[in-house]
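Student: Sharing a structure with you now.
The values are calculated or read from the model by the stated rules, or taken from the named source; none is laboratory data. These numbers come from a predicted model, not from an experiment. Every residue, glycine among them, receives a Cβ derived from its backbone with ideal geometry; neighbour counts consider all protein chains shown.
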Amino acid sequence: MENSGVQARGLTIGEMAARTGLATSAIRHYESQGLVTPFRNASGQRRFARADIRRLSFVMITQGLGFSLAEIRAALATLPPHRAPNKADWARLSRGFAKELDARIAQMEALRERLDGCIGCGCLSLTDCALYNPKDRIKAKGAGPRYLMGNSARDLDG
């Protein structure tokens, strides 16, 4: 357990790096992105609150799950600025990410099924293949692999 002197003076960037496993340059980058906001001691050195360990851990986990820094920053901005977030705060924040993860999982499962069928069949049939796109008509629905993203040939009708 850390003593009250460490809590009162805050954690140095080196101590944060040791606790989180992040390089000090990464911590400074996350600071520049507004993901953590250290304070300055009387000597002007940056110091971090213990709660910043959890914030940086959250950043590492959510970034690893494919969330952008902008998405993470927006989520962290909903946490109380005047006190360390508690379990209820983190639970509320996590629910939003859980919904997004569920949507991403569903999208990946659908993609896996379509991709396996398309690439795995080997038919190369221009009448049956989900990638068949005469005169590039599906481009009207947007950029990217539209059929794999959920559009179908029926979307071209009318």
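Student: Could you check Leu131 against (1) modelled with pLDDT of 90 or more; (2) in contact with a helix residue (DSSP H, G or I) (Cβ under 9 Å, 6 or more places away or on another chain) and say which number it fails?
Tutor: It is condition (1) that Leu131 fails.
Student: In addition: What number of residues within the stretch 15-49 are surrounded by fewer than 15 Cβ atoms within 10 Å (Cβ to Cβ) and part of a loop (DSSP other than H, G, I, E, B)?
Tutor: Within the stretch 15-49, residues that are surrounded by fewer than 15 Cβ atoms within 10 Å (Cβ to Cβ) and part of a loop (DSSP other than H, G, I, E, B) number 10.
For every residue, the table says whether it meets (1) farther than 25 Å from Ala103 by Cβ; (2) out of contact with any helix residue (DSSP H, G or I) (no Cβ under 9 Å at 6 or more places or on another chain).
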{"residue": "Thr12", "(1), (2)": "yes, yes"}
{"residue": "Met16", "(1), (2)": "yes, no"}
{"residue": "Ser32", "(1), (2)": "yes, yes"}
{"residue": "Phe48", "(1), (2)": "yes, no"}
{"residue": "Ala51", "(1), (2)": "yes, yes"}
{"residue": "Leu56", "(1), (2)": "yes, no"}
{"residue": "Thr78", "(1), (2)": "no, no"}
{"residue": "Pro85", "(1), (2)": "no, no"}
{"residue": "Asp89", "(1), (2)": "no, yes"}
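Student: Also: Among the residues of the stretch 79-89, write down those that are at pLDDT 90 or above and surrounded by fewer than 13 Cβ atoms within 10 Å (Cβ to Cβ).
Tutor: Asn86, Lys87, Ala88
Student: Right, another one. Among the hydroxyl-bearing types (Ser, Thr, Tyr), free of Cβ contacts under 8 Å to residues at least 40 places away in the same chain and over 30 Å from Gly150 (Cβ atoms): which single residue out of Ser94, Ser57, Ser68 fits that description?
Tutor: Working: Ser94 fails: over 30 Å from Gly150 (Cβ atoms); Ser68 fails: over 30 Å from Gly150 (Cβ atoms).
Just one listed residue meets the conditions, Ser57.
Student: Scan Ala75, Ala84 and give me the residue that is in contact (Cβ under 8 Å) with a residue 12 or more places away in the chain and over 20 Å from the mean Cα position of the chain (by Cα).
Tutor: Ala84
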